[in-house]
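Colleague: Dropping the structure in here first, questions after.
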Amino acid sequence: MDRLNRLDRMILRLATQRDLLRWAASLAAGLPGPVLEFGLGKGRTYDFLRALCADREIFAFDRDIHGPADCVPNPDHLFLGEFDDTLPAATARLGPVAALAHVDVGSEDRAADARLVAWLGLAVAPLLRPGALVVADRAMTVDGWRRLDPPDAGDGDHHVYRVAMFDYRTSTK
Ligand SMILES: C[S@@+](CC[C@H](N)C(=O)[O-])C[C@H]1O[C@@H](n2cnc3c(N)ncnc32)[C@H](O)[C@@H]1O
């Protein structure tokens, strides 16, 4: 793709995010379980997910709150702190229950993002049920996650994964 100006890049990024969240949520429709939002940020995608998945609980994760008050989950649904502290606590509390996860942690620093998602996938995996969907704004490589081909590649930065239907952690396959 030709280099886009920053405004068009942002518009494409947000449109891709919205389209892939819709697509992944439709694929997860038959699965029970909550939605996990990694990177609450300004609460834009959290607010979108609330409308999209109105019948599901949503748990959000971030190191701090910097969005509007009406897009901040109640304390029972908010894991505030560094991911490496909050994910083990969330796993202990919730277990492998989530049907859909949104990993929205990208920054301007691609090298730092790559280091982050290299371990984040392993920390997110124990929270997901077999068959769960993951939408991520950086490529992730996790055993038992299969990359899906979305109807439209969008900005090229977003990826959708499906967790294996069998429990790959205990399977000998
Ligand atoms: C791209 S923003 C999320 C945008 C948000 N989904 C929205 O729609 O407004 C990424 C967020 O990830 C959070 N974040 C990045 N690394 C983190 C870490 N290691 N632990 C906790 N939060 C982190 C940042 O604080 C930031 O709010």
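The values are calculated or read from the model by the stated rules, or taken from the named source; none is laboratory data. No experiment lies behind these values; they were computed from the predicted model shown. Because the Cβ atoms are built from the backbone with ideal geometry, glycine has one as well, and the counts that use them run over all protein chains shown. Side chains are part of the model used for accessible areas, which takes the heavy atoms of the whole protein and leaves out ligands, DNA and RNA. Shrake-Rupley method; radii C 1.70, N 1.55, O 1.52, S 1.80 Å.
Colleague: Check whether at least one residue in the stretch 108-115 is buried (at least 18 other Cβ atoms within 10 Å of the Cβ) and either within 13 Å of the ligand (Cβ to nearest atom) or at pLDDT 95 or above (or both), and report yes or no.
Modeller: Of all residues in the stretch 108-115, those buried (at least 18 other Cβ atoms within 10 Å of the Cβ) come to 113.
Next cut, either within 13 Å of the ligand (Cβ to nearest atom) or at pLDDT 95 or above (or both) only: 113.
Yes, the stretch 108-115 has at least one match.
Colleague: Can you name every residue in the stretch 123-144 that is more than 13 Å from the chain's Cα centre (by Cα) and either under 17 Å from T91 (Cβ atoms) or hydroxyl-bearing (S, T, Y) (or both)? Before you say what the answer is, go through the steps one by one.
Modeller: So in the stretch 123-144, the residues more than 13 Å from the chain's Cα centre (by Cα) come out as 126, 129-131, 141-144.
P126, R129, P130, T141, V142, D143, G144 - these are the residues of the stretch 123-144 that are more than 13 Å from the chain's Cα centre (by Cα) and either under 17 Å from T91 (Cβ atoms) or hydroxyl-bearing (S, T, Y) (or both).
Colleague: Does R129 satisfy the criteria of being in a strand (DSSP E or B), in contact (Cβ under 8 Å) with a residue 60 or more places away in the chain and open to solvent by 30 Å² or more (accessible area, probe 1.4 Å)?
Modeller: Working: in a strand (DSSP E or B): yes; in contact (Cβ under 8 Å) with a residue 60 or more places away in the chain: yes; open to solvent by 30 Å² or more (accessible area, probe 1.4 Å): yes.
So R129 fits the description; yes.
Colleague: Being within 20 Å of A139 (Cα to Cα) and not hydroxyl-bearing (S, T, Y) is the requirement here; does L80 meet it? First the steps, then the outcome.
Modeller: Numbers: within 20 Å of A139 (Cα to Cα): no; not hydroxyl-bearing (S, T, Y): yes.
No.
Colleague: Confirm whether A98 is among the hydrophobic types (A, V, I, L, M, F, W, C), closer than 18 Å to P34 by Cα and surrounded by fewer than 19 Cβ atoms within 10 Å (Cβ to Cβ).
Modeller: Values: among the hydrophobic types (A, V, I, L, M, F, W, C): yes; closer than 18 Å to P34 by Cα: yes; surrounded by fewer than 19 Cβ atoms within 10 Å (Cβ to Cβ): no.
Spelling it out, it is not the case that A98 is among the hydrophobic types (A, V, I, L, M, F, W, C), closer than 18 Å to P34 by Cα and surrounded by fewer than 19 Cβ atoms within 10 Å (Cβ to Cβ).
Colleague: If we scan the stretch 107-130, do we find a residue that is of a type in the set (G, A, S) and within 25 Å of D76 (Cβ to Cβ)?
Modeller: As a first pass, look at the stretch 107-130 and keep what is of a type in the set (G, A, S): 107, 111-112, 114, 118, 121, 123, 125.
Restricting the remaining residues to those that are within 25 Å of D76 (Cβ to Cβ) gives 123, 125.
Yes, that holds for at least one residue.
Colleague: Could you tell me how many of the residues in the stretch 1-28 are within 13 Å of R162 (Cα to Cα) and either without any contact (Cβ under 8 Å) to a residue 40 or more places away in the chain or loosely packed, with under 14 Cβ neighbours inside 10 Å (or both)?
Modeller: Summing the residues that are within 13 Å of R162 (Cα to Cα) and either without any contact (Cβ under 8 Å) to a residue 40 or more places away in the chain or loosely packed, with under 14 Cβ neighbours inside 10 Å (or both) in the stretch 1-28 gives 1.
Colleague: A further question follows. Filter the stretch 54-78 down to residues that are among the hydrophobic types (A, V, I, L, M, F, W, C) and under 14 Å from the mean Cα position of the chain (by Cα) and give me whichever is surrounded by the fewest Cβ atoms within 10 Å (Cβ to Cβ). Give the derivation first.
Modeller: The initial filter retains those residues of the stretch 54-78 that are among the hydrophobic types (A, V, I, L, M, F, W, C), namely 54, 58-61, 65, 69, 71-72, 78.
Okay, now just the ones that are also under 14 Å from the mean Cα position of the chain (by Cα), so 58-61.
On the way: I58: 21, F59: 23, A60: 25, F61: 23.
The qualifying residue surrounded by the fewest Cβ atoms within 10 Å (Cβ to Cβ) is I58.
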